[in-house]
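J.: First, the structure itself, so that you have it in front of you.
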Amino acid sequence: EPEETGIEALPRRTPAPAWIPTAKGEEGDFCLRSSDCAAGLCCARHFWSKICKPVLREGQVCTRHRRKGAHGLEIFQRCQCAEGLACRLQREHGPADASRLHTCQRH
């Protein structure tokens, strides 16, 4: 007869489904959220699925969203700029507003 300890038996956890990765995803791996991806990567839409893509570095083209929630409408999402960088209008030496291109720049 088992000895009673006064501690309730913990319920058994069901194993994770096989499609959930056990290690952090590398660039190009399928993901559900950014925490599924390795350091320096985020989970972003690519066609109708999501894959791990690199976080943007200084000088790389970024997407600035005018409306909240617009990021979810893109077929090809980009990651956010890396820490310490902001997505800003690229400075041009031509006429004002000639380019609407945004790049990751230091604060």
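J.: Give region 25-55 a look and list any residue that's in a loop (DSSP other than H, G, I, E, B), under 11 Å from residue 79 (Cβ atoms) and small (Gly, Ala, Ser), or say none. Let's see the steps before the verdict.
T.: Step one: list which residues in region 25-55 are in a loop (DSSP other than H, G, I, E, B), which gives 26-29, 31-33, 38-40, 47-48, 55.
Going one step further and asking which of them are under 11 Å from residue 79 (Cβ atoms), we end up with 27, 40, 55.
Of everything in region 25-55, just one residue is in a loop (DSSP other than H, G, I, E, B), under 11 Å from residue 79 (Cβ atoms) and small (Gly, Ala, Ser), namely 40.
J.: Looking at the structure I just gave you, is residue 92 part of a loop (DSSP other than H, G, I, E, B), modelled with pLDDT of 95 or more and surrounded by 10 or more Cβ atoms within 10 Å (Cβ to Cβ)? Even if it seems obvious, please write down each step before you answer.
T.: On the way: part of a loop (DSSP other than H, G, I, E, B): yes; modelled with pLDDT of 95 or more: no; surrounded by 10 or more Cβ atoms within 10 Å (Cβ to Cβ): yes.
Criteria not met by residue 92.
The values are calculated or read from the model by the stated rules, or taken from the named source; none is laboratory data. Bear in mind the structure is a predicted one, so any value in this text is a computation, not a measurement. Positions of Cβ are backbone-derived with ideal geometry, glycine not excepted, and every protein chain shown enters the neighbour counts.
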